[in-house]
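The values are calculated or read from the model by the stated rules, or taken from the named source; none is laboratory data. What you see is a predicted model; the values in this text were computed from it and never measured. Ideal geometry is used to build each Cβ from the backbone, glycine not excepted, and the neighbour counts take in all protein chains shown.
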Amino acid sequence: MTTTTQTETPRPSLGARYATFMSRHSSLMPTFAAIVILIVLLVGAQLAFGNFITPRNMSALLLNNAYLLILAVGLTFVILTGGIDLSVGSVMAFTGILCAKLLADGLPAIVAIPLMLLGGAAIGLLIGVLVHYFDVQPFIASLAGLFLARGLAFVVSLSSIRVEDPAVLWLQRTRLTVGDWYLTPTGILALLIVAIGVFVTQWTRFGRTIYAIGGNEQSARLMGLPVARTKILVYVISGVCGGLAGLVLTAYSGAGYPLNGVGTELDAIAAVVIGGTLLTGGSGYVIGSMIGVLVYGVIKTIIAFMGAEQSWTRIIIGGLLLVFIVVQRFIVTRSDRRR
Amino acid sequence: MTVNEDTPAIAMRGITISFPGVLALDHVDFTLRRGEVHSLMGENGAGKSTLIKALTGVYPIDSGTIAVDGEERVFSATADAQTAGISTVYQEVNLCANLSVGENVMLGHEPRGRAGIDWKAVHRLAAEHLAGLGLAVDTRSILSSHSIAIQQLVAISRAMVLDAKVLILDEPTSSLDRGEVERLFAVIRELRDQGVAILFVSHFLEQVYEISDRITVLRNGRLVGEHLAADLPRDSLVSQMIGRELDELDAISRTADRVIDRTAAPVLRATGVGRRGMLEPADLDIYEGEVVGLAGLLGSGRTELVRLLYGADKADSGTVEIGGRPARLTSPRHAIDHRIAFSSEDRRAEGIIADLTVAENIVLGIQAKRGWMRPVRRAERDQVVSEYISALGVRPADPDMLVRNLSGGNQQKVLLARWLATAPQLIILDEPTRGIDVGAKADIQRKVAELSAQGLSVVFISSELEEVLRLAQRVVVMRDRRRIGELDSSTVDLDLLIDYIANEGEGSAA
Amino acid sequence: MKKLVTHRLFWPVMALLALIVVNTIARPQFISVTLRDGELYGALIDILRNSAPLMLVALGMTIVIATRGIDLSVGAIMAVSGAVALTIIDTSGDPGSGATVAVALLVGILVALVLGVWNGFLIAVLGIQPIIATLVLMLAGRGVALLITDGFITTVTSAPYKFIATGYVIGLPFALFISVAAIIVIALLERRTALGVLTESVGINPEASRLAGVRARGIVFGAYAASGVLAGMAGILYSSNIMAADANAAGLYIELYAILAVVLGGTSLMGGKFTIAGTVVGVLTIQTLESTILFLGVPSAQAPVFFAAVVIVVVLVQSPRLHRFARGLFASRRPDGGGPSTPAPTPPTTTEPTKAEAVR
């Protein structure tokens, strides 16, 4: 079934244009669905509470979830290749407490921060090497990373360490205000990471190789793409994002805490999947993951507004994830049957 | 060394490759010239794929030389072959179906501007390359939204982007219909005229003769001969490929000339069985002790029909009667309860349980029927297993060997044993002799003939029409997902059958 | 001798024995068992008792993995069953009565069964990938447990309930009997009936099994239901041990330890052939390792570092690349099907078409 493009075309019918659009952008559908859900949530909350969509609340949305946003971007890279990284929550905790310790020991922030990022990268490198060179399933390899990072966090310190360094605290305390809207450097950092993520995945060969690997790794290899390098790098990226999230969280809470981020990897995975990225790889968008994080944040805020227990957040996210997965499954079976 | 008109694109000399226990290639010479389409022919196991893997850098060679454009090369990885200008398009198109057509063509070589990849240029260049092959496709559309035929042409187009001097096409027409094959051949001829050397591998004799300039025949790892296609008569080619083994198989043929009692109710009668997008409603009936063959080109719907009958896929129209009584066959379990057995054409993916032993595989059919609560006792298992190992000649005769370690022919025998052990009244065999050595082929066909003479009904699918004519009393012919007719096997020979398949129901020959 | 060394259980058992030997050398009292008031005490006894929850979960995980699946929700199910049971006891009139405890146990395990059936439904009937399907419960389950306990850590006083985890019967911990009973039941079920072989068949090749008439759906369904029940029992044990329902801490990361135990025991994550005995050895090894780490004075919070090392060593040993490397060192030069820079499997061949060519 070829779609012949002619040079002199009469205005194509609506049906034809829809068909062309779908044949080009069908992988955007799940992300569209996420956007719809986000809008429904926002509108519904506004109708229910009346004072939900305010500049203060929306700004807080970004502020409170900046760490999750960064994690989700890094995780998207990994999931696009068909892998998974369960270590992100623990890496976030490890790098956070590491930074706090280094700062407490007198190192300047300009040294401590790169070191913490290096720590995250190192764990990511370990996972990537296990996955690619030793054919270890990403699940198991990142499990090892999770164990390692969590344990190392406690090796650094068994209890929390306060952060007094002004540079780090500046990241969180400063507000750039425009009327009632405000932005913190951590928020800007998160948005910057999203922007970089979008650029890399859509406009660089590295990014396109990631999609190729997720689509068909063997084909990507036969096509001469640098599969080994790319597969390992995505885990390193996830590790660095874990480090950045650790920085953001430490600035946010003013302390490093080895018990941070227990279960956060699940929240991040849920956000990425809800945002439209398929766990099988090869399909999805960084911007979708951002939508997913916003959905998560909005649900959390709604729960807070309702005065209900925070444990409802996880339940609802779980339920939402389920709906997404079931719908994705039906779409896949329908298109398989058609072929 | 100067490259002149006579320097072949590829010159392989004295290629020898051996694996533990088997000599895959024995001092084989092969020459591929620029601007020619050259077919490599041989039965399964002849060494075709090994030779290609040597050329593409997948297998290292034990001895011999490969020269590309006169220059000797050593390939230690697939990337080496690609850099030398050798591109391969496999039957399973090796592209990334989740990316756009244009991206697939240019992947890894996308033109870049200051702000990253220049997508406009990507699609413009891709469209140009595709147009060079006569293809007009929306380069922004996702590859998976196109048929295999188009995807293949995109793969060929990519090979041209990479400046391929040698193009290897591995079974490219298996999933194509007639029109798509013609378009592919037009592209191949265009490339040939541009000076590309094309290695064409296919088991469709008609197509090989249609497109090739030269034919090389391998048998049992040795070079049998290289000929100009125009100078090689068909039977000469076939006998070079098969050799003297034809006699063994001839002895089986006379068992097909039995009289079938068609007065009683048929073992199975299917009326109007079909499924949208898969098979037009078709009829099929089969009587006790009868072998009904299904013949047709690949893609004609033979496998689809039997899968619907067995319940492997759900039909959305039609009725089925077993022994005169209506039956619902919507899952393999229903079919098995009615004593129907089905041996899939893809024995590796849908047949054998590779990591279980021969004994466990053979007993699986019986065990599945009985359910998990009634395990087959050791004594019974040993008895059944040894009975079938000897009846079918499974080698090595070791019931505790993992099935993955058996040759294709023996794996097929194990599969057959599994089904026969359930004492079916009807067995459906889909390509049971594909990809196995001649000895095993003969064994299986002999067994089928023997069992049908004892009353077992068989539906037999094979792309080797000689086999179908040899074993079946009736041959049902299919084309393009439709049943187009039926023949009495005693009234046709191979040429008539081929003609019927190609032309019956059409106006004139295509 | 060769048969002994190549037996699947050889290395796991060797590893466990090595651990025990090292421990005994470091602290000779490791293998000493003392009898006090008719009850046995000692480090080994502690290991046998404390390993019970992990043993139950790992047994269920083994079967699930054999079907080519995974169950990430076991920790959450543990939390829920503990919360349910303790809440029943807490809100009953007579927390110390055997009847109340019996009801609490029954309902707790029943709820766990329902959750396992839920997983089975998503995976076997709807065809959702196991990792995603069980992820949902992993996320939501703890939230549900927290709701049941109203966010608090419910504590109760109930002698019969306490007995489950800390009581003794004929000198041995009751928890050990639960472990052993579960092992025996599962082993009998899998190996005395055809369930084991059919499960392996489904795990190795689900489509071929379906075409051969195996009730693949039922087997997968049953695997997750069993995993749920076993996790429920583990949850009871855990809450009985601390006489509290801690929805956040119950079974935290236990799915990971269970998977590790299964892998250590020799069952492949790819599904198919599995070994109950191997999992038992794996669980005991993990428990012994934990005991070793604690003895070394390492704070238990830092123990995961050691387990990370164990995971890495295990997967490296099982890695095919390492085998190729080792074979290359010891064997003679011989082509074995791949260039050095292409660890990937070979591209599809001509002569043996793998997938059906007929277009569906």
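Enumerate the helices (runs of 4 or more DSSP H) found wholly within the stretch C:174-288, keeping only those where 3 or more residues are small (G, A, S).
Once the helices (runs of 4 or more DSSP H) in the stretch C:174-288 are filtered for at least 3 residues that are small (G, A, S), what remains is C:174-191, C:195-204, C:216-242.
Would you please name the residue that is nearest to the other protein chains (Cβ to nearest Cβ), looking only at residues in the stretch B:373-393 that are of a type in the set (D, E, K, R) and within 14 Å of B:A417 (Cβ to Cβ)?
B:R381
For a quick check of your reading: which helices (runs of 4 or more DSSP H) sit entirely within the stretch B:411-510 and have at least 1 residues that are closer than 25 Å to B:P399 by Cα and touching a residue at least 60 places away in the same chain (Cβ under 8 Å)?
B:438-453
Could you tell me which numbered condition C:Y161 fails, if it satisfies all but one of (1) hydroxyl-bearing (S, T, Y); (2) surrounded by fewer than 19 Cβ atoms within 10 Å (Cβ to Cβ); (3) assigned to a helix (DSSP H, G or I)?
(2)
Does any residue of the stretch B:408-415 turn out to be more than 13 Å from chain C (Cβ to nearest Cβ) and in contact with a Gly (Cβ under 8 Å, 6 or more places away or on another chain)?
Yes, the stretch B:408-415 contains at least one residue that is more than 13 Å from chain C (Cβ to nearest Cβ) and in contact with a Gly (Cβ under 8 Å, 6 or more places away or on another chain).
I'd like the full set of residues that are at negative phi and within 8 Å of chain C (Cβ to nearest Cβ), limited to the stretch B:299-309. Please lay out each step first, then the result.
From the stretch B:299-309, those at negative phi are B:300, B:302-309; that's our starting set.
Those that are at negative phi and within 8 Å of chain C (Cβ to nearest Cβ): B:S300, B:R302, B:T303, B:E304.
Which of the following residues is under 26 Å from the mean Cα position of the chain (by Cα), within 14 Å of chain A (Cβ to nearest Cβ) and not charged (D, E, K, R): C:I77, C:I31? Steps first, please.
Details: C:I31 fails: within 14 Å of chain A (Cβ to nearest Cβ).
Checking each option against the conditions leaves just C:I77.
Go over the candidates A:V73, A:V131, A:V136 one by one and state the one that is free of Cβ contacts under 8 Å to residues at least 60 places away in the same chain, over 24 Å from A:R162 (Cβ atoms) and crowded, with 24+ Cβ neighbours inside 10 Å.
After ruling out the rest, the residue left standing is A:V136.
What about C:I109, is it assigned to a helix (DSSP H, G or I), among the hydrophobic types (A, V, I, L, M, F, W, C), within 30 Å of A:T313 (Cβ to Cβ) and within 14 Å of chain A (Cβ to nearest Cβ)?
no
Can you tell me which residue within the stretch B:103-113, out of those that are outside any loop (DSSP other than H, G, I, E, B) and modelled with pLDDT of 90 or more, is nearest to the other protein chains (Cβ to nearest Cβ)? First the steps, then the outcome.
Filtering the stretch B:103-113 for residues outside any loop (DSSP other than H, G, I, E, B) gives B:103-106, B:112-113.
Those left that are additionally modelled with pLDDT of 90 or more: B:103-106.
Numbers: B:E103: 7, B:N104: 8, B:V105: 11, B:M106: 9 Å.
In this case the residue turns out to be B:E103.
For the stretch B:47-82, which positions are hydrophobic (A, V, I, L, M, F, W, C), farther than 22 Å from B:G225 by Cβ and more than 7 Å from every other protein chain (Cβ to nearest Cβ)?
Residues satisfying the conditions are B:V68, B:V74, B:F75, B:A81.
Exactly one condition in (1) modelled with pLDDT under 90; (2) assigned to a helix (DSSP H, G or I) is false for A:C241; which is it?
(1)
Quick check: is even one residue across the stretch B:167-178 in a helix (DSSP H, G or I) and either closer than 30 Å to B:M478 by Cβ or away from chain A (no Cβ under 14 Å) (or both)?
Of the stretch B:167-178, the ones in a helix (DSSP H, G or I) are B:178.
After this cut, where a residue has to be either closer than 30 Å to B:M478 by Cβ or away from chain A (no Cβ under 14 Å) (or both) as well, the list is B:178.
Within the stretch B:167-178, one or more residues are in a helix (DSSP H, G or I) and either closer than 30 Å to B:M478 by Cβ or away from chain A (no Cβ under 14 Å) (or both).
Going by the conditions given, is C:R49 among the basic types (K, R) and outside any helix (DSSP H, G or I)?
Here the answer is no, as C:R49 does not meet what is asked.
Search the stretch A:304-332 for residues that are outside any helix (DSSP H, G or I) and pair each with any residue that is at pLDDT below 85 when their beta-carbon atoms are under 6 Å apart and the residues are at least 6 apart or on different chains.
A:E309/C:G151
In the stretch B:382-404, what count of residues is obtained for those that are over 25 Å from the mean Cα position of the chain (by Cα) and in a helix (DSSP H, G or I)?
10
Got at least one residue in the stretch A:74-94 being more than 20 Å from A:A245 (Cα to Cα), of a type outside the set (A, V, I, L, M) and more than 14 Å from chain C (Cβ to nearest Cβ)?
Yes: the stretch A:74-94 contains one or more residues that are more than 20 Å from A:A245 (Cα to Cα), of a type outside the set (A, V, I, L, M) and more than 14 Å from chain C (Cβ to nearest Cβ).
So which residues in the stretch B:442-466 are under 20 Å from B:S174 (Cβ atoms) and surrounded by fewer than 24 Cβ atoms within 10 Å (Cβ to Cβ)?
Of everything in the stretch B:442-466, those that are under 20 Å from B:S174 (Cβ atoms) and surrounded by fewer than 24 Cβ atoms within 10 Å (Cβ to Cβ) turn out to be B:S463, B:E464, B:L465, B:E466.
Within the set of pairs 6 or more residues apart or between chains, which connect a residue that is farther than 17 Å from B:K48 by Cβ and in the same structural domain as B:G14 (by TED's automatic domain parsing) inside the stretch B:224-238 to a residue that is among the basic types (K, R) and modelled with pLDDT of 90 or more with Cβ atoms less than 6 Å apart?
That search, which allows pairs on different chains as well, returns B:L228/B:R214.
Within the stretch B:354-372, can you find the residues that are within 22 Å of B:R339 (Cβ to Cβ), touching a Leu at 6+ places or on another chain (Cβ under 8 Å) and within 7 Å of chain C (Cβ to nearest Cβ)?
Matches in the stretch B:354-372: B:L364, B:Q367, B:A368, B:W372.
With respect to the numbered conditions (1) charged (D, E, K, R); (2) in contact with a helix residue (DSSP H, G or I) (Cβ under 9 Å, 6 or more places away or on another chain); (3) within 14 Å of B:I66 (Cα to Cα), which one is the sole condition not fulfilled by B:D29?
Exception for B:D29: condition (2).
Can you find a residue in the stretch B:27-41 that is of a type outside the set (F, W, Y), surrounded by fewer than 16 Cβ atoms within 10 Å (Cβ to Cβ) and closer than 14 Å to B:L218 by Cβ? Quick ask: steps written out before the conclusion?
So in the stretch B:27-41, the residues of a type outside the set (F, W, Y) come out as B:27-29, B:31-41.
Narrowing the set further to residues that are surrounded by fewer than 16 Cβ atoms within 10 Å (Cβ to Cβ) leaves B:27, B:29, B:35.
Remaining after also requiring closer than 14 Å to B:L218 by Cβ: B:27, B:29.
Taking every residue of the stretch B:27-41 in turn, at least one turns out to be of a type outside the set (F, W, Y), surrounded by fewer than 16 Cβ atoms within 10 Å (Cβ to Cβ) and closer than 14 Å to B:L218 by Cβ.
So C:L40 clears everything in (1) assigned to a helix (DSSP H, G or I); (2) in contact with a strand residue (DSSP E or B) (Cβ under 9 Å, 6 or more places away or on another chain); (3) not acidic (D, E) except one condition, right? Which one?
The single condition C:L40 does not satisfy is (1).
Can you pull out every residue in the stretch B:53-82 that is in a helix (DSSP H, G or I) and aliphatic (A, V, I, L, M)?
Selection gives B:A54, B:L55, B:A79, B:A81.
Count, please, the residues in the stretch B:152-170 that happen to be within 25 Å of A:S283 (Cα to Cα) and surrounded by fewer than 20 Cβ atoms within 10 Å (Cβ to Cβ).
Adding up the residues that qualify gives 0.
Test of understanding: among C:F174, C:F221, which residue is away from chain A (no Cβ under 14 Å), among the aromatic types (F, W, Y), in contact with a Gly (Cβ under 8 Å, 6 or more places away or on another chain) and surrounded by 20 or more Cβ atoms within 10 Å (Cβ to Cβ)? Working first, answer last.
Values: C:F174 fails: surrounded by 20 or more Cβ atoms within 10 Å (Cβ to Cβ).
Exactly one residue qualifies, and that residue is C:F221.
May I ask you to say which residue of A:L233, A:L247, A:L176 is surrounded by fewer than 18 Cβ atoms within 10 Å (Cβ to Cβ) and either more than 13 Å from chain B (Cβ to nearest Cβ) or over 23 Å from A:V293 (Cβ atoms) (or both)?
A:L176
Just to be sure, is B:G324 over 20 Å from B:V477 (Cα atoms) and buried (at least 18 other Cβ atoms within 10 Å of the Cβ)?
No: the conditions fail for B:G324.
Kindly indicate the residue of the stretch B:83-102 that is facing chain A (nearest Cβ under 9 Å) and in a strand (DSSP E or B) and also farthest from B:V58 (Cα to Cα) among those meeting that condition.
B:S100
For the stretch B:281-298, what are the residues that are within 14 Å of chain C (Cβ to nearest Cβ) and either touching a Gly at 6+ places or on another chain (Cβ under 7 Å) or part of a loop (DSSP other than H, G, I, E, B) (or both)?
B:G296, B:L297, B:L298 - these are the residues of the stretch B:281-298 that are within 14 Å of chain C (Cβ to nearest Cβ) and either touching a Gly at 6+ places or on another chain (Cβ under 7 Å) or part of a loop (DSSP other than H, G, I, E, B) (or both).
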